[in-house]
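Just below is one structure, and these are the notes that go with it.
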Amino acid sequence: MAEPGASGPRTCTPAIADGPTVVTWARSQGWQVHVARDTGRVRFAAPSGAFVASWTEADPTRLADVLTALRRYGLVWPPPARRPRTASR
Amino acid sequence: MMTGTWRLELLWSVPRRLRDGRLEHMAAEAESAAGWYVARTRTGLSVSAWVTTDHPDRELGRIVEHITAWLERYVTEAHLVSLRACTEAEAQAELARPDLPPLASVADAAQILGVTRERVQQWRTESRAFPAPVARVAAGPLWTVESLRYFRRSLER
C-alpha cells in the first residue's frame, strides 16, 4: 500500500498572487470562504456549497495550486481589470 | 539534462460525489505527508505536485504511480481522465492569462472605434467585416475588445 511522500521530492513554487486578494475576489463571486482563526486555514466552497480546496496562509507557495483548483471549478481568474477599455486606449 | 521544477496534475472522474469531510481528510493527509495538493473538480478530484528533478521523463512517471496507488486507498472507482505535466514557468503563465477576455458593449465599441453608437449599429447590420458578438445581454451584444481593435486596424489600412 502506497504511503504519500514515498515518491521522493517535494517542492513548491513561488506564489503568484496574495491570499487576501484571492479571498476577497472569491467572496465577491459568491464563494463561501471561511478563515479559521486558530490555524489560519482558508476553506473555499463553491457558490453551491461544495468544498473545493483549502489553503494555509502560512504556506503562500501553495497559492498557485489553490488558484488552479478554484479556476477549474469556475472562478474567473485573474479578476478583470476595473475598466479594461480605458486601460487599453 | 538541466534541473527544473515541474507541475504535475492528475484529474480523476469519480462516479459518486465525494463528501466534503472525506475530501478534506484526503487533502490534509496528502499535503502533510507528501506535499501533494488535492482539490475537488466538477467531475471528481485533482491531485497536483511540484517536482524538482533533472530527469522528468523518469521521475514524473514514478510519482504518478505513487499518487494513483495512494488514491486507490480512498476511492475505488476513480478513472484517470487527464494527466498533465508542465514547467513551473508555464504553470505561472497559465494562471496569469485571463480566462475571460475584456468585453465591450455598443457604447464601449463606439469609444474604441472613435465613432458614434449609431455608426456601430450601422456597421453591425451592414458590414460583413464587423466582428460577430461573443455574447448577448439585455443591454445588447458584447464583443471582445481584441476583435474590435482588429476591426479598427482593418479600417486604418
| query | How many residues are buried (at least 20 other Cβ atoms within 10 Å of the Cβ) and either touching a Pro at 6+ places or on another chain (Cβ under 7 Å) or outside the structural domain of residue B:77 (by TED's automatic domain parsing) (or both) when one looks only at region B:8-60? | reply | 4
| task | Scan region A:41-67 residue by residue and report those that are in a helix (DSSP H, G or I), farther than 18 Å from residue B:26 by Cα and more than 7 Å from every other protein chain (Cβ to nearest Cβ). | result | A:60, A:61, A:63
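Inspect region B:130-147 for any residue being of a type in the set (Lys, Arg) and away from chain A (no Cβ under 14 Å) and give the result as yes or no. First the steps, then the outcome.
Kept after step one, since they are of a type in the set (Lys, Arg), are these residues of region B:130-147: B:136.
Filter once more, keeping what is away from chain A (no Cβ under 14 Å): B:136.
Yes, region B:130-147 contains a residue that is of a type in the set (Lys, Arg) and away from chain A (no Cβ under 14 Å).
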| message | Just to be sure I understand, how many residues within region B:94-108 are within 7 Å of chain A (Cβ to nearest Cβ) and over 18 Å from the mean Cα position of the chain (by Cα)? | response | 2
| Conditions: (1) at pLDDT below 85; (2) facing chain B (nearest Cβ under 8 Å). Residue A:86 meets all but one. Number of the miss? | (2)
| field | Members of region A:68-77 that are within 7 Å of chain B (Cβ to nearest Cβ), farther than 19 Å from residue B:51 by Cβ and in a helix (DSSP H, G or I) | value | A:71, A:72
| task | Quick one: which strands (runs of 3 or more DSSP E) lie wholly within region B:1-102 and hold at least 3 residues that are hydroxyl-bearing (Ser, Thr, Tyr)? | result | B:44-53
| request: Considering each residue of region B:48-95, count those that are out of contact with any strand residue (DSSP E or B) (no Cβ under 7 Å at 6 or more places or on another chain) and among the small types (Gly, Ala, Ser), and give that number. | output: 4
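The values are calculated or read from the model by the stated rules, or taken from the named source; none is laboratory data. Quantities reported herein were computed from a predicted structural model and do not represent experimental measurements. So basically every Cβ, Gly included, is an ideal-geometry build from the backbone, and we count neighbours across all protein chains shown.
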